[in-house]
Amino acid sequence: MHIVTVVGARPQFVKAAVLSRLIRSAAYRERISEFLVHTGQHWDDNMSNLFFREMGIPEPEVNLGVGGGSHGRMTGDMLAGIEAILIERKPDVVLVYGDTNSTLAGALAAAKLHIPVAHVEAGLRSRDKGMPEEQNRIVADHLSTWLLCPTETAIENLSREGLVDGQATAAPTSDHPGIKLVGDVMYDASLHYRAIASVRPAAERALKRLGIDKPFCLLTLHRAENTDDRERLSGIMEGLRRSAGIPMIFPVHPRTRKLLDLHGITLPPHVRPIEPVGYFDMLELEEACDTVITDSGGVQKEAYFFHKPCVTLRERTEWVETVESGWNRLAGADPGAIAAALTTVSAMDGWRPLYGMGDAGERILAVLETGSDAKSGNGA
Ligand code: UD1
Ligand code: UDP
(Lines give C-alpha, C1' and ligand atoms only; values in the text may rest on other atoms or scores of the structure.)
(Ligands and ions follow the chains in the order given, each with its own letter.)
Protein backbone atom coordinates (compact mmCIF):
# COMPACT_ATOMS: atom_id res chain seq x y z
CA MET A 1 0.00 0.00 0.00
CA HIS A 2 1.38 3.40 -0.99
CA ILE A 3 0.33 6.30 1.23
CA VAL A 4 0.77 10.01 0.63
CA THR A 5 0.61 11.86 3.96
CA VAL A 6 -0.13 15.59 4.01
CA VAL A 7 0.98 17.67 7.01
CA GLY A 8 1.71 21.35 7.49
CA ALA A 9 1.02 22.66 11.00
CA ARG A 10 2.58 21.90 14.39
CA PRO A 11 -0.10 19.55 15.79
CA GLN A 12 0.08 17.48 12.60
CA PHE A 13 3.77 16.78 13.06
CA VAL A 14 3.02 15.33 16.50
CA LYS A 15 0.21 13.15 15.10
CA ALA A 16 2.05 12.08 11.94
CA ALA A 17 5.13 11.07 13.95
CA VAL A 18 3.23 8.11 15.36
CA LEU A 19 2.24 6.58 12.01
CA SER A 20 5.45 7.52 10.19
CA ARG A 21 7.44 5.66 12.83
CA LEU A 22 5.22 2.59 12.65
CA ILE A 23 5.20 2.51 8.84
CA ARG A 24 9.01 2.46 8.82
CA SER A 25 9.24 -0.24 11.49
CA ALA A 26 10.03 -3.89 10.71
CA ALA A 27 6.39 -4.85 11.24
CA TYR A 28 5.09 -2.75 8.33
CA ARG A 29 7.86 -1.53 6.05
CA GLU A 30 7.65 -4.49 3.64
CA ARG A 31 3.96 -3.80 3.05
CA ILE A 32 3.43 -0.05 3.41
CA SER A 33 5.33 2.92 1.98
CA GLU A 34 4.79 6.57 2.78
CA PHE A 35 5.52 9.75 0.82
CA LEU A 36 5.44 12.74 3.17
CA VAL A 37 4.25 16.12 1.90
CA HIS A 38 4.73 19.26 4.03
CA THR A 39 2.54 22.11 2.83
CA GLY A 40 4.77 24.68 4.54
CA GLN A 41 1.86 26.10 6.57
CA HIS A 42 4.20 26.39 9.57
CA TRP A 43 7.79 27.20 8.75
CA ASP A 44 9.69 28.64 11.74
CA ASP A 45 12.28 26.18 13.00
CA ASN A 46 10.56 25.90 16.39
CA MET A 47 7.14 25.40 14.75
CA SER A 48 8.27 22.80 12.22
CA ASN A 49 11.80 21.39 11.70
CA LEU A 50 12.44 21.01 15.42
CA PHE A 51 9.58 18.49 15.60
CA PHE A 52 10.96 16.45 12.70
CA ARG A 53 14.42 16.33 14.30
CA GLU A 54 13.30 15.54 17.84
CA MET A 55 10.61 13.03 17.02
CA GLY A 56 12.59 11.27 14.29
CA ILE A 57 10.01 12.08 11.60
CA PRO A 58 11.56 11.50 8.19
CA GLU A 59 12.40 14.60 6.20
CA PRO A 60 9.37 15.44 3.99
CA GLU A 61 9.90 14.42 0.37
CA VAL A 62 8.31 17.73 -0.69
CA ASN A 63 7.76 21.06 1.03
CA LEU A 64 5.29 23.20 -0.89
CA GLY A 65 6.34 26.35 0.98
CA VAL A 66 2.77 27.64 1.26
CA GLY A 67 2.62 29.52 4.56
CA GLY A 68 0.96 32.73 5.74
CA GLY A 69 -1.61 34.83 3.90
CA SER A 70 -5.38 34.53 3.75
CA HIS A 71 -7.11 31.20 4.25
CA GLY A 72 -8.49 31.04 0.70
CA ARG A 73 -5.18 31.82 -0.93
CA MET A 74 -3.27 29.45 1.35
CA THR A 75 -5.71 26.58 0.83
CA GLY A 76 -5.88 27.19 -2.93
CA ASP A 77 -2.10 27.18 -3.34
CA MET A 78 -1.84 23.99 -1.26
CA LEU A 79 -4.61 22.37 -3.32
CA ALA A 80 -2.78 23.00 -6.60
CA GLY A 81 0.54 21.80 -5.18
CA ILE A 82 -0.89 18.62 -3.64
CA GLU A 83 -2.88 17.78 -6.78
CA ALA A 84 0.29 17.76 -8.90
CA ILE A 85 1.99 15.42 -6.42
CA LEU A 86 -0.97 13.03 -6.28
CA ILE A 87 -1.18 12.82 -10.07
CA GLU A 88 2.49 11.85 -10.15
CA ARG A 89 2.55 9.50 -7.13
CA LYS A 90 -0.83 7.75 -7.66
CA PRO A 91 -1.16 6.66 -4.02
CA ASP A 92 -3.65 4.08 -2.77
CA VAL A 93 -4.69 6.42 0.01
CA VAL A 94 -4.08 9.99 1.19
CA LEU A 95 -3.66 10.39 4.93
CA VAL A 96 -4.70 13.68 6.53
CA TYR A 97 -4.77 14.72 10.18
CA GLY A 98 -6.94 17.01 12.26
CA ASP A 99 -8.52 20.23 11.09
CA THR A 100 -6.12 22.74 9.59
CA ASN A 101 -6.07 24.29 6.13
CA SER A 102 -3.49 21.62 5.19
CA THR A 103 -6.05 18.94 6.15
CA LEU A 104 -8.69 20.54 3.97
CA ALA A 105 -6.38 20.95 0.97
CA GLY A 106 -5.12 17.36 1.23
CA ALA A 107 -8.63 15.91 1.47
CA LEU A 108 -10.02 18.04 -1.34
CA ALA A 109 -7.13 17.38 -3.73
CA ALA A 110 -7.41 13.61 -3.18
CA ALA A 111 -11.21 13.45 -3.39
CA LYS A 112 -11.26 15.33 -6.70
CA LEU A 113 -8.83 12.74 -8.11
CA HIS A 114 -10.95 9.89 -6.67
CA ILE A 115 -8.17 8.79 -4.36
CA PRO A 116 -9.45 7.46 -1.01
CA VAL A 117 -8.89 9.84 1.90
CA ALA A 118 -8.18 8.54 5.41
CA HIS A 119 -8.94 11.21 8.01
CA VAL A 120 -7.26 10.77 11.37
CA GLU A 121 -9.15 12.58 14.18
CA ALA A 122 -12.41 12.37 12.25
CA GLY A 123 -15.79 13.28 13.72
CA LEU A 124 -14.75 16.04 16.12
CA ARG A 125 -17.21 18.92 16.33
CA SER A 126 -17.31 22.15 18.33
CA ARG A 127 -20.69 23.08 16.76
CA ASP A 128 -19.29 26.49 15.80
CA LYS A 129 -18.96 26.80 12.05
CA GLY A 130 -17.35 30.21 12.52
CA MET A 131 -14.17 28.39 13.53
CA PRO A 132 -11.89 27.66 10.56
CA GLU A 133 -11.12 24.29 12.19
CA GLU A 134 -14.81 23.30 12.21
CA GLN A 135 -15.17 24.17 8.51
CA ASN A 136 -12.08 22.11 7.68
CA ARG A 137 -13.21 19.10 9.72
CA ILE A 138 -16.68 18.98 8.24
CA VAL A 139 -15.44 19.10 4.65
CA ALA A 140 -12.62 16.61 5.28
CA ASP A 141 -15.00 14.16 6.99
CA HIS A 142 -17.59 14.31 4.23
CA LEU A 143 -14.98 13.60 1.55
CA SER A 144 -13.23 10.76 3.36
CA THR A 145 -13.37 7.04 2.68
CA TRP A 146 -11.91 6.15 6.07
CA LEU A 147 -13.05 8.08 9.14
CA LEU A 148 -10.67 7.22 11.96
CA CYS A 149 -12.30 8.43 15.15
CA PRO A 150 -10.63 9.00 18.52
CA THR A 151 -13.80 8.79 20.63
CA GLU A 152 -17.36 7.43 20.69
CA THR A 153 -18.56 11.05 20.69
CA ALA A 154 -16.87 11.52 17.32
CA ILE A 155 -18.74 8.52 15.89
CA GLU A 156 -22.03 9.91 17.23
CA ASN A 157 -21.27 13.31 15.68
CA LEU A 158 -20.75 11.68 12.29
CA SER A 159 -23.93 9.67 12.58
CA ARG A 160 -25.86 12.89 13.30
CA GLU A 161 -24.61 14.15 9.94
CA GLY A 162 -25.72 10.97 8.17
CA LEU A 163 -22.29 9.34 8.12
CA VAL A 164 -22.50 5.77 9.37
CA ASP A 165 -20.15 2.85 8.91
CA GLY A 166 -20.98 1.62 5.39
CA GLN A 167 -18.67 -1.34 5.37
CA ALA A 168 -21.28 -3.95 6.13
CA THR A 169 -22.76 -3.46 2.66
CA ALA A 170 -19.75 -2.70 0.47
CA ALA A 171 -16.07 -1.81 0.39
CA PRO A 172 -15.90 1.69 1.80
CA THR A 173 -16.13 4.68 -0.49
CA SER A 174 -16.59 8.36 0.23
CA ASP A 175 -20.35 7.76 -0.15
CA HIS A 176 -20.29 4.75 2.19
CA PRO A 177 -17.27 5.42 4.39
CA GLY A 178 -15.63 3.06 6.81
CA ILE A 179 -15.95 4.56 10.30
CA LYS A 180 -13.72 3.11 13.01
CA LEU A 181 -13.06 3.91 16.65
CA VAL A 182 -9.27 3.73 16.88
CA GLY A 183 -8.32 5.96 19.84
CA ASP A 184 -6.19 9.07 19.70
CA VAL A 185 -2.73 9.14 18.13
CA MET A 186 -1.83 12.08 20.40
CA TYR A 187 -2.14 9.73 23.35
CA ASP A 188 0.18 7.26 21.60
CA ALA A 189 2.63 10.12 20.97
CA SER A 190 2.57 11.34 24.55
CA LEU A 191 3.33 7.87 25.91
CA HIS A 192 6.10 7.07 23.45
CA TYR A 193 7.93 10.43 23.48
CA ARG A 194 7.46 11.10 27.19
CA ALA A 195 9.71 8.12 27.89
CA ILE A 196 12.39 9.60 25.60
CA ALA A 197 11.98 13.23 26.75
CA SER A 198 12.25 12.31 30.42
CA VAL A 199 15.71 10.75 30.10
CA ARG A 200 17.29 13.78 28.43
CA PRO A 201 20.35 15.10 30.28
CA ALA A 202 19.37 17.68 32.91
CA ALA A 203 21.09 20.52 31.02
CA GLU A 204 18.86 19.92 27.97
CA ARG A 205 15.63 19.98 29.92
CA ALA A 206 13.31 22.98 29.74
CA LEU A 207 12.96 23.74 33.45
CA LYS A 208 16.71 23.85 33.95
CA ARG A 209 17.58 25.52 30.64
CA LEU A 210 14.94 28.23 30.95
CA GLY A 211 15.20 28.64 34.74
CA ILE A 212 11.55 27.81 35.42
CA ASP A 213 10.60 27.29 39.07
CA LYS A 214 7.63 25.29 40.31
CA PRO A 215 4.77 25.83 40.92
CA PHE A 216 3.54 27.33 37.67
CA CYS A 217 0.60 27.32 35.28
CA LEU A 218 1.26 26.48 31.65
CA LEU A 219 -0.49 28.83 29.23
CA THR A 220 -0.96 28.49 25.46
CA LEU A 221 -3.16 30.73 23.33
CA HIS A 222 -3.32 31.01 19.56
CA ARG A 223 -6.76 30.32 18.15
CA ALA A 224 -8.01 32.86 15.59
CA GLU A 225 -11.22 33.58 17.51
CA ASN A 226 -9.20 34.67 20.55
CA THR A 227 -6.24 36.42 18.94
CA ASP A 228 -7.81 38.24 15.99
CA ASP A 229 -10.49 39.82 18.17
CA ARG A 230 -8.98 42.62 20.26
CA GLU A 231 -11.76 42.51 22.84
CA ARG A 232 -11.43 38.79 23.45
CA LEU A 233 -7.65 38.98 23.67
CA SER A 234 -7.90 41.86 26.19
CA GLY A 235 -10.56 39.95 28.14
CA ILE A 236 -8.28 36.94 28.40
CA MET A 237 -5.37 39.09 29.57
CA GLU A 238 -7.61 40.73 32.17
CA GLY A 239 -8.69 37.27 33.38
CA LEU A 240 -5.05 36.27 33.74
CA ARG A 241 -4.23 39.59 35.49
CA ARG A 242 -6.91 38.78 38.11
CA SER A 243 -5.22 35.42 38.72
CA ALA A 244 -1.91 36.92 39.76
CA GLY A 245 -1.22 34.42 42.56
CA ILE A 246 0.09 31.82 40.15
CA PRO A 247 3.19 32.38 37.97
CA MET A 248 2.48 31.45 34.35
CA ILE A 249 4.78 30.17 31.63
CA PHE A 250 3.60 31.11 28.16
CA PRO A 251 5.21 29.67 25.01
CA VAL A 252 3.92 32.27 22.56
CA HIS A 253 2.66 31.12 19.14
CA PRO A 254 3.93 33.47 16.38
CA ARG A 255 0.36 34.42 15.48
CA THR A 256 -0.29 35.56 19.06
CA ARG A 257 2.98 37.48 19.31
CA LYS A 258 2.04 39.35 16.15
CA LEU A 259 -1.49 40.15 17.32
CA LEU A 260 -0.50 41.19 20.85
CA ASP A 261 1.82 43.73 19.19
CA LEU A 262 -0.79 44.81 16.67
CA HIS A 263 -3.48 45.33 19.33
CA GLY A 264 -0.98 46.99 21.69
CA ILE A 265 -1.81 44.51 24.47
CA THR A 266 0.77 43.77 27.16
CA LEU A 267 1.05 40.64 29.26
CA PRO A 268 0.42 40.76 33.02
CA PRO A 269 3.73 40.76 34.93
CA HIS A 270 3.27 37.24 36.34
CA VAL A 271 2.94 35.79 32.81
CA ARG A 272 6.37 34.93 31.45
CA PRO A 273 6.51 34.70 27.66
CA ILE A 274 8.94 32.23 26.11
CA GLU A 275 9.55 31.16 22.52
CA PRO A 276 7.42 28.23 21.26
CA VAL A 277 9.07 25.08 22.60
CA GLY A 278 9.66 21.69 21.00
CA TYR A 279 7.46 18.71 21.80
CA PHE A 280 9.88 17.23 24.35
CA ASP A 281 10.00 20.50 26.31
CA MET A 282 6.25 20.78 26.06
CA LEU A 283 5.76 17.31 27.54
CA GLU A 284 8.15 18.27 30.33
CA LEU A 285 6.25 21.51 31.04
CA GLU A 286 2.91 19.69 31.00
CA GLU A 287 4.22 17.15 33.47
CA ALA A 288 5.77 19.78 35.77
CA CYS A 289 2.98 22.37 35.85
CA ASP A 290 0.12 22.57 38.35
CA THR A 291 -2.57 23.69 35.91
CA VAL A 292 -2.96 24.24 32.17
CA ILE A 293 -4.72 27.23 30.58
CA THR A 294 -5.20 26.94 26.85
CA ASP A 295 -7.33 27.35 23.77
CA SER A 296 -5.45 24.59 21.95
CA GLY A 297 -7.22 21.37 21.03
CA GLY A 298 -4.17 19.20 21.53
CA VAL A 299 -3.06 20.82 24.78
CA GLN A 300 -6.50 20.29 26.39
CA LYS A 301 -6.07 16.58 25.80
CA GLU A 302 -2.45 16.51 26.90
CA ALA A 303 -3.46 18.21 30.17
CA TYR A 304 -5.78 15.26 30.69
CA PHE A 305 -3.09 12.73 29.72
CA PHE A 306 -0.87 14.26 32.44
CA HIS A 307 -3.68 14.39 35.02
CA LYS A 308 -3.56 18.20 35.10
CA PRO A 309 -6.64 20.37 35.66
CA CYS A 310 -7.28 22.59 32.63
CA VAL A 311 -9.04 25.89 31.98
CA THR A 312 -10.04 26.27 28.35
CA LEU A 313 -10.28 29.72 26.84
CA ARG A 314 -13.21 28.86 24.61
CA GLU A 315 -17.00 28.68 24.84
CA ARG A 316 -17.08 25.20 23.33
CA THR A 317 -14.74 22.32 22.89
CA GLU A 318 -14.75 19.28 20.66
CA TRP A 319 -12.99 17.35 23.46
CA VAL A 320 -16.18 17.14 25.51
CA GLU A 321 -15.03 14.12 27.56
CA THR A 322 -12.40 16.23 29.33
CA VAL A 323 -15.13 18.64 30.48
CA GLU A 324 -17.63 15.91 31.39
CA SER A 325 -14.99 14.20 33.53
CA GLY A 326 -14.52 17.43 35.52
CA TRP A 327 -10.84 17.91 34.60
CA ASN A 328 -11.45 20.73 32.10
CA ARG A 329 -13.48 23.96 32.57
CA LEU A 330 -14.65 26.16 29.71
CA ALA A 331 -14.11 29.82 30.56
CA GLY A 332 -14.28 31.58 27.17
CA ALA A 333 -12.69 35.02 27.13
CA ASP A 334 -14.61 36.47 30.07
CA PRO A 335 -12.22 37.85 32.74
CA GLY A 336 -14.46 36.88 35.68
CA ALA A 337 -15.06 33.36 34.35
CA ILE A 338 -11.34 32.83 33.72
CA ALA A 339 -10.33 34.00 37.20
CA ALA A 340 -13.09 31.90 38.80
CA ALA A 341 -12.20 28.79 36.80
CA LEU A 342 -8.55 29.14 37.72
CA THR A 343 -9.29 29.25 41.41
CA THR A 344 -11.79 26.40 41.40
CA VAL A 345 -10.50 23.87 38.87
CA SER A 346 -8.70 21.02 40.56
CA ALA A 347 -7.60 17.43 40.10
CA MET A 348 -10.49 14.97 40.25
CA ASP A 349 -10.59 11.63 42.02
CA GLY A 350 -11.24 9.52 38.97
CA TRP A 351 -9.04 9.30 35.87
CA ARG A 352 -9.70 6.83 33.14
CA PRO A 353 -8.27 6.46 29.65
CA LEU A 354 -10.69 8.43 27.46
CA TYR A 355 -8.55 8.41 24.34
CA GLY A 356 -7.68 4.78 23.75
CA MET A 357 -4.91 2.59 25.05
CA GLY A 358 -1.93 4.08 23.23
CA ASP A 359 -2.31 1.81 20.20
CA ALA A 360 -4.29 4.10 17.88
CA GLY A 361 -1.47 4.09 15.32
CA GLU A 362 -1.52 0.31 14.98
CA ARG A 363 -5.29 0.28 14.80
CA ILE A 364 -5.25 2.85 12.01
CA LEU A 365 -2.79 0.82 9.96
CA ALA A 366 -4.88 -2.30 10.55
CA VAL A 367 -7.96 -0.50 9.22
CA LEU A 368 -6.11 0.71 6.14
CA GLU A 369 -4.65 -2.73 5.44
CA THR A 370 -7.55 -5.00 6.28
CA GLY A 371 -10.64 -2.85 6.82
CA SER A 372 -10.82 -4.05 10.41
CA ASP A 373 -9.46 -2.32 13.50
CA ALA A 374 -8.06 -5.52 15.02
CA LYS A 375 -4.32 -4.88 15.16
CA SER A 376 -2.43 -6.68 12.39
CA GLY A 377 1.24 -5.74 12.93
CA ASN A 378 3.07 -6.58 16.12
CA GLY A 379 3.89 -2.94 16.80
CA ALA A 380 7.31 -1.41 16.98
C1 UD1 B 1 -3.15 26.84 12.43
C2 UD1 B 1 -4.49 26.11 12.33
C3 UD1 B 1 -5.05 25.90 13.72
C4 UD1 B 1 -4.06 25.17 14.61
C5 UD1 B 1 -2.73 25.89 14.58
C6 UD1 B 1 -1.71 25.05 15.31
C7 UD1 B 1 -5.79 26.66 10.34
C8 UD1 B 1 -6.94 27.42 9.80
N9 UD1 B 1 -5.44 26.93 11.60
O10 UD1 B 1 -3.39 28.10 13.03
O11 UD1 B 1 -6.22 25.10 13.63
O12 UD1 B 1 -4.56 25.14 15.90
O13 UD1 B 1 -2.27 26.06 13.23
O14 UD1 B 1 -0.63 25.77 15.77
O15 UD1 B 1 -5.23 25.86 9.63
N16 UD1 B 1 3.39 32.10 11.71
C17 UD1 B 1 4.73 32.33 11.72
N18 UD1 B 1 5.56 31.25 11.62
C19 UD1 B 1 5.12 29.97 11.51
C20 UD1 B 1 3.75 29.76 11.49
C21 UD1 B 1 2.88 30.82 11.59
O22 UD1 B 1 5.19 33.46 11.81
O23 UD1 B 1 5.94 29.04 11.44
C24 UD1 B 1 2.47 33.26 11.84
C25 UD1 B 1 2.25 33.97 10.51
O26 UD1 B 1 2.08 35.33 10.77
C27 UD1 B 1 0.93 33.35 10.05
C28 UD1 B 1 0.20 33.22 11.39
O29 UD1 B 1 1.20 32.82 12.32
O30 UD1 B 1 0.26 34.16 9.14
C31 UD1 B 1 -0.94 32.22 11.39
O32 UD1 B 1 -0.51 30.96 10.87
P33 UD1 B 1 -1.61 29.96 10.23
O34 UD1 B 1 -0.94 28.70 9.85
O35 UD1 B 1 -2.40 30.68 9.21
O36 UD1 B 1 -2.60 29.72 11.42
P37 UD1 B 1 -2.34 29.26 12.91
O38 UD1 B 1 -2.83 30.35 13.79
O39 UD1 B 1 -0.96 28.79 13.08
N1 UDP C 1 3.17 22.28 21.39
C2 UDP C 1 4.55 22.30 21.44
N3 UDP C 1 5.17 23.48 21.76
C4 UDP C 1 4.47 24.61 22.06
C5 UDP C 1 3.06 24.55 22.03
C6 UDP C 1 2.44 23.37 21.67
O7 UDP C 1 5.22 21.28 21.21
O8 UDP C 1 5.11 25.64 22.34
C9 UDP C 1 2.52 20.99 21.01
C10 UDP C 1 1.53 20.50 22.02
O11 UDP C 1 2.18 19.75 23.04
C12 UDP C 1 0.62 19.64 21.16
C13 UDP C 1 0.59 20.38 19.85
O14 UDP C 1 1.75 21.22 19.85
O15 UDP C 1 1.16 18.35 20.96
C16 UDP C 1 -0.66 21.20 19.79
O17 UDP C 1 -0.56 22.11 18.78
P18 UDP C 1 -1.27 23.53 18.81
O19 UDP C 1 -1.64 23.91 20.20
O20 UDP C 1 -0.41 24.44 18.04
O21 UDP C 1 -2.55 23.26 17.89
P22 UDP C 1 -4.02 22.68 18.15
O23 UDP C 1 -3.91 21.39 18.86
O24 UDP C 1 -4.79 23.72 18.87
O25 UDP C 1 -4.57 22.53 16.76
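The figures follow:
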{"read-out": "Amide H within-cut-off set for VAL311, under 5 Å, with H built and near neighbours excluded", "value": "VAL292, ILE293, THR294, ARG329"}
{"read-out": "Gained length - ASP44 relative to MET348, 0.36 nm times residue gap less alpha-carbon distance", "value": "105.7 nm"}
{"read-out": "Residues with amide H under 5 Å from that of VAL117, placed H, sequence gap 5 or more", "value": "VAL94, THR145, TRP146"}
{"read-out": "Whole-percent carbon and sulfur share, accessible surface of the chain, 1.4 Å", "value": "52 percent"}
{"read-out": "Probe 1.4 Å, accessible area per residue of the range 108-201, Å²", "value": "40 Å²"}
{"read-out": "Most to least packed among 197-204, 250-257, 92-99 [average Cβ atoms within 10 Å]", "value": "92-99, 250-257, 197-204"}
{"read-out": "Long-range amide H partners of GLU34 with built H, under 5 Å", "value": "ILE3"}
{"read-out": "Distance between modelled label sites at HIS114 and THR173, nm, 7 Å Cα→Cβ extension", "value": "0.9 nm"}
{"read-out": "Ranked by how many other beta carbons lie within 10 Å on average, peptides 189-196, 269-276 from highest", "value": "189-196, 269-276"}
{"read-out": "Overall form of the range 1-112 per C-alpha gyration tensor (a/c, 1.5; a/b vs b/c)", "value": "oblate"}
{"read-out": "Average projection area in nm² (convex hull over Cα atoms of the range 54-114, one quarter of hull surface)", "value": "4.9 nm²"}
{"read-out": "Calculated on alpha-carbon atoms, Rg and Dmax of the range 262-380 in Å", "value": "17.6, 55"}
{"read-out": "Candidates ILE265, ILE249, ILE23: whichever shows maximal mean-square fluctuation once the chain is modelled as a Gaussian network with Cα springs under 10 Å", "value": "ILE265"}
{"read-out": "The chain - Rg (one decimal) and Dmax (whole number), Cα, Å", "value": "20.1, 61"}
{"read-out": "Restraint check, LYS112/LYS180; LYS15/LYS90; LYS15/LYS208, Cα-Cα greater than 25 Å", "value": "LYS15/LYS208"}
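The values are calculated or read from the model by the stated rules, or taken from the named source; none is laboratory data. Note that the structure is predicted; figures quoted are calculated from it, not measured. As a convention, Cβ positions derive from the backbone with ideal geometry for all residues, glycine included, and neighbour counts pool all protein chains shown. SASA here: full protein model, heavy atoms, side chains in, ligands and nucleic acids out. Shrake-Rupley method; radii C 1.70, N 1.55, O 1.52, S 1.80 Å.
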